[in-house]
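The values are calculated or read from the model by the stated rules, or taken from the named source; none is laboratory data. Given the structure is predicted, the values throughout are model-derived calculations rather than measurements. Backbone-built Cβ (ideal geometry, glycine too); neighbour counts: all protein chains shown. Only protein heavy atoms, including side chains, enter the accessible area calculation; ligands, DNA and RNA are left aside. Shrake-Rupley method; radii C 1.70, N 1.55, O 1.52, S 1.80 Å.
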Amino acid sequence: MSSSSNSRMLEAARSARRRRLLLALASAPFSAFASTDPTAGLSRWGSGEFRRFGFLVYEAALWAGDDPLRPPLALKLTYKRNIAGAAIAEASVKEIRNLGIADEASLKRWGEQMARLFPDVKPGDYIIGQYRAEAAVFHFNDRRLGSVDDPAFARAFFGIWLDPKTSAPDLRAALLKRPAV
């Protein structure tokens, strides 16, 4: 085999590798988006509003499988006010405490984890929480924030909205309402 023949074969192999690499890079953003959609594979359930002292704080929407009280599910909160991330964490701890489903050591640990995860929000921002059997995963405006890898936390956190003892029973009822088909 001549050296020019070898050169052509090497160049053809390099060219094929470059094409594969370019195709992989071009499709990466789409495959990443599809795999990180927290509502993928779930059905839209109900939605409602959360108000405090008459002021609209956020709108909530629920996605779930056949049972909206069991993982996997996703809850989207679209904020209507400026709220500090630390205040979101504090309010979450308070709500979980009121449900009576966690000890103080767990509440302290979870509060610290949420305070590190939750950003300050402004009107139009949203946080989507994914309830998985083993963890709660959080997204902020289409980017992943992180997770709390504790099944007890996941149950307690989503209990804020879905537990029968929630402080917002009207919102719970609205979220659990299956849309007409």
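Overview of results
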| read-out | value |
| --- | --- |
| For segment 71-175, accessible area per residue (1.4 Å probe, heavy atoms of protein chains only), Å² | 47 Å² |
| Zone residues, segment 143-181, relative to Ser106, backbone N less than 14 Å from point 7 Å out along Cα-to-Cβ | 149-160 |
| Contour excess over end-to-end distance, with Cα ends at Lys165 and Asp142 and 0.36 nm allotted per residue | 5.2 nm |
| Cross-link reach list, lysines versus Lys177, counting only Cα pairs under 20 Å and skipping chain neighbours closer than eight places | Lys76, Lys165 |
| Pairwise label distance in nanometres, Glu49 with Arg116, each label 7 Å out on the Cα-Cβ vector | 3.7 nm |
| Trypsin sites (Lys or Arg not before Pro) within segment 108-181, DSSP loop, no more than 15 other Cβ atoms inside 10 Å | Lys165, Lys177 |
